[in-house]
Every structure is written in structure tokens, then in C-alpha cells.
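The values are calculated or read from the model by the stated rules, or taken from the named source; none is laboratory data. Since the structure is predicted, the reported quantities are computational estimates derived from the model, not experimental observations. No Cβ is skipped: glycine too gets one built from the backbone with ideal geometry, and neighbour counts run over all protein chains shown.
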Amino acid sequence: MSATISIWKFSTFFALYTLVSLVIYLTTSFTIPAWLVYLFILLPFYLVCILYLINFNLKYRREMLRYRKLPLYVSVVFQLLIILTSPANCYGWKQGSACYSFIQSHLIDVSSHPPHWRIAYVFPFTVFMYIISLSFFLGKIHVERQQ
């Protein structure tokens, strides 16, 4: 378990985390398929999480909270996997071509059109697992009553 932290401070850090995450996602994956996932799946999910924390903040105004570190670490791992597997080069995507993942486009020269790695197809799964892990993390927040 973590050290105690005020709910307001935790909510502020989480809101900043979501903002920085979206900026990182949108800059590392400057492609239409990735932006569609981020703007229509991840952004609404982040907004629901922030609304959940606002409600939590109003309900337990003066309380402190603790969180489990393992679900946080799992969320960070899935977040890194999202960045690495995100579609970063989608030339010809509208014509049915596959996308190159972020890691593939930075490790090899994709201008010569090498075969696509299967890792780009893992991207939707990693987004789904990230959403589940972050939901689990927020669901395991423990409120400590002030004496």
C-alpha cells in the first residue's frame, strides 16, 4: 500500500496524468487509426475516471486515501505497451494496407516497405487491457477515515 494522500491531491495528479498520457499518445502515434482509438475510446474513458474521482472527492471530502501499487505498475506496463504497439506509420491505410507499429517504425526503415510485424495487431488488445487495469486500480482505492 502507498502512503496516505489527500483525495484532492490524488485527483489532481490523476487529471494531470491523463492529460500528459493523451499528449504522449497523440504525439507518438500521429496516425488516423490511433487517433480514432484515443479520441473515441480512451478520452471518454479518462473523462469517466475523472468524473468518478470528482464524485469520490465530494463524497469523502476530508479523508485520506491509499492505493495498491501492483495495479498501478500493471497499468504503467500496459501504457508502455500501448505506446510501443500503437500504429505510427499507416501509409496506405485507407486503401487497406496494414500499419507499422511505433516500435517497428523506429527500429527498421519502413520506407522500403518491409513486412508488417504482428505486434501492430496487438494494439487494440493492449488498450483494452490498459482500461481494465486502470479501472481495477481506481476500484481498489482505500479510504482512511480521519480520527
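Worth a mention:
Rundown of residues vs (1) under 21 Å from PHE128 (Cα atoms); (2) in contact with a strand residue (DSSP E or B) (Cβ under 6 Å, 6 or more places away or on another chain), yes/no style:
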residue	(1), (2)
ALA34	yes, yes
TYR46	yes, no
PHE56	no, no
LEU65	no, yes
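- Among the criteria (1) closer than 17 Å to ILE141 by Cα; (2) loosely packed, with under 14 Cβ neighbours inside 10 Å, the one LEU36 does not fulfil is (1).
- Applying the criterion of being assigned to a helix (DSSP H, G or I) and loosely packed, with under 14 Cβ neighbours inside 10 Å to the residues of region 78-99, the residue that is modelled with the highest pLDDT is LEU80.
- Extreme residue, nearest to TYR60 (Cα to Cα), among residues of region 101-147 that are assigned to a loop (DSSP other than H, G, I, E, B), modelled with pLDDT under 85 and among the charged types (D, E, K, R): ARG145
- Boolean, ARG66 is exposed (fewer than 13 other Cβ atoms within 10 Å of the Cβ) and at negative phi: no
- For beta carbons closer than 9 Å, sequence separation of 6+ or different chains, a first residue in region 98-115 that is touching a residue at least 24 places away in the same chain (Cβ under 8 Å) and a second that is in a loop (DSSP other than H, G, I, E, B), the qualifying pairs are CYS99/THR31; CYS99/SER86; CYS99/CYS90; CYS99/TYR91; CYS99/HIS116; PHE102/SER29; PHE102/SER86.
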